[in-house]
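Heads up, the thing below is written out as structure tokens.
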Amino acid sequence: MKLHKESKGTIIVASIVFAAAAFLSVYYLQQWSLLIIVPLLVIYGLVFWFFRVPNREILDHKENVIAPVDGKVVMIKEVQEDEFIKGKAIQISIFMSPLNVHICRYPVSGKVIYKRYHPGKYLVAWHEKSSTENERTTVAVQSLTNHQVVFRQIAGYVARRIVFYCNEGDQAKAGHEFGFIKFGSRMDIFLPLDTEITCKIGDKTKGGLDVIAKMKE
């Protein structure tokens with residue numbers, strides 16, 4: 001199983017904790033304690049599972065908007081996007097549980113024209129205000145259909161580390177990685193009002209594969 005590059009520090013810490021707990025279990029109890037070792041093995045395995053990188057065939061897209069993350073669609077609504085668009089947009093929000101793949105992918109192809117990191121709170125990721133009050137990043141892409149598409153990584157109550165690798169001027173390719181969020185969070189995508197939405201609330205998405213909307217040229 002291929003692991004994401006962001007896993008290195010976490011796996012080192014998890015390995016040290018597991019080894020220390022196993023040693024203390026034997027040292028103080030003079031035997032292996034299944035009540036200690038088994039839960040630690042499960043947690044240790046989940047750390048590896050969280051950082052997995054699935055092998056996915058990413059296609060080329062022009063009009064399609066691709067799910068940027070694995071998760072569940074929890075919101076589709078018209079909103080006022082004031083950071084970059086400065087106007088009305090359709091917001092699609094996808095919530096990621098700690099068991100989902102947490103690679104963040106470009107939803108559209110085009111050119112990166114804006115990026116910002118914002119420190120903030122750590123409200124639960126499904127809270128509507130988390131989009132504007134939580135720690136977050138905002139990226140905007142001028143799409144191949146000549147639309148401005150904004151998407152936002154949002155830290156949650158558990159997720160306390162967001163990374164994004166893109167820079168202004170980069171070429172964005174729908175379905176390809178631009179960042180990573182550790183341990184559960186949310187992604188918001190802001191699309192033009194005339195976008196055809198092809199997903200619905202409750203849908204499970206696979207990042208880089210599922211089409212969630214289509215934009216008109």
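The values are calculated or read from the model by the stated rules, or taken from the named source; none is laboratory data. Everything numeric in this text was worked out from a predicted model, so none of it was measured. Methodologically, a virtual Cβ is constructed for each residue, glycine included, from the backbone with ideal geometry; neighbour enumeration extends over all protein chains shown. Keep in mind that these areas ignore ligands, DNA and RNA; they rest on the heavy atoms of the full protein, side chains included. Shrake-Rupley method; radii C 1.70, N 1.55, O 1.52, S 1.80 Å.
Note on the stretch 42-85: among residues that are in contact with a strand residue (DSSP E or B) (Cβ under 9 Å, 6 or more places away or on another chain) and of a type in the set (Lys, Arg), the one that is modelled with the lowest pLDDT is Arg52.
For the stretch 146-153, the count of residues that are under 15 Å from Ile92 (Cβ atoms), out of contact with any helix residue (DSSP H, G or I) (no Cβ under 9 Å at 6 or more places or on another chain) and open to solvent by 10 Å² or more (accessible area, probe 1.4 Å) is nonzero.
Hey, could you check the stretch 185-200 for residues that are free of Cβ contacts under 8 Å to residues at least 24 places away in the same chain and of a type in the set (Asp, Glu) and say which is most open to solvent (accessible area, probe 1.4 Å)? The extreme case among them is Glu196.
So, in the stretch 129-145, exactly how many residues are hydroxyl-bearing (Ser, Thr, Tyr), open to solvent by 30 Å² or more (accessible area, probe 1.4 Å) and modelled with pLDDT of 95 or more?
If we filter the stretch 129-145 for residues that are hydroxyl-bearing (Ser, Thr, Tyr), which is where we start, we get 130-132, 137-138, 143, 145.
Cutting the leftovers down to open to solvent by 30 Å² or more (accessible area, probe 1.4 Å) gives us 132.
If we keep only those that are modelled with pLDDT of 95 or more as well, we get none.
Selection size over the stretch 129-145: 0.
Of all the numbered requirements in (1) in contact with a helix residue (DSSP H, G or I) (Cβ under 7 Å, 6 or more places away or on another chain); (2) open to solvent by 10 Å² or more (accessible area, probe 1.4 Å); (3) under 20 Å from Ile90 (Cα atoms), Val163 misses one, and that requirement is (3). On the stretch given as the stretch 86-128, residues that are among the aliphatic types (A, V, I, L, M), modelled with pLDDT of 95 or more and surrounded by fewer than 18 Cβ atoms within 10 Å (Cβ to Cβ) total 1.
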